[in-house]
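Written out below as structure tokens is the structure these notes cover.
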Amino acid sequence: TLYPKLPVYSIFHKVDAKAEEIPVATLEANLQEAKRQALRTFLAGNQAFLAEVSCNREQLAAPDRSTRHIEVALPDGVSYAAGDHLGVVGGNPDEVVFAYMDRLGLARDAVVRIELEEGSSSSTVPLGRNVAAYAVLAYHFELQQLA
């Protein structure tokens, strides 16, 4: 087939937990594991790095179009020259994530634990950890792609 077989996950809703109760150390560990997994898989061989947006402003005031000026604060040791490419992996919009959560019957502060049913996965989904359902849906799944 043209597309690889997608992984099958089991998702367990932690009914007795709230997202704000997840320790900061766990959140940081989840982020680091997602970064390691991304660098091992779809970012392998690239000079990928995390960066913060230092400026994001609208340049075009038209009702049906948006042109933005975006500046990125580069980490130490990283340079950018004219002609270099910049890839941005963004999250799903809040309204889309909340619509999915509503459809699944999940509270906005729900906590889930995700396990891989079989084989291995090259995704960045944090497996075997308590994670905020919002974070998983916002940053680990494409919710707007056509089926």
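Could you list, in sequence order, the residues of the range 15-72 that are surrounded by 10 or more Cβ atoms within 10 Å (Cβ to Cβ) and of a type in the set (Ser, Thr, Tyr)?
Selection gives THR26, THR41, SER54, SER66.
Residues in the range 76-106 that are assigned to a loop (DSSP other than H, G, I, E, B) and not aliphatic (A, V, I, L, M): how many?
As a first pass, look at the range 76-106 and keep what is assigned to a loop (DSSP other than H, G, I, E, B): 76-93, 105-106.
Cutting the leftovers down to not aliphatic (A, V, I, L, M) gives us 76-77, 79-80, 83-85, 87, 90-93, 105.
Here the count works out to 13.
Looking at (1) at pLDDT 75 or above; (2) outside any strand (DSSP E or B), which is the one condition that is false for VAL72?
(2) is the only condition that VAL72 fails.
The values are calculated or read from the model by the stated rules, or taken from the named source; none is laboratory data. These numbers were taken from a predicted model, which means no experiment stands behind them. Neighbour counts run over all protein chains shown; Cβ positions are idealised from the backbone, glycine included.
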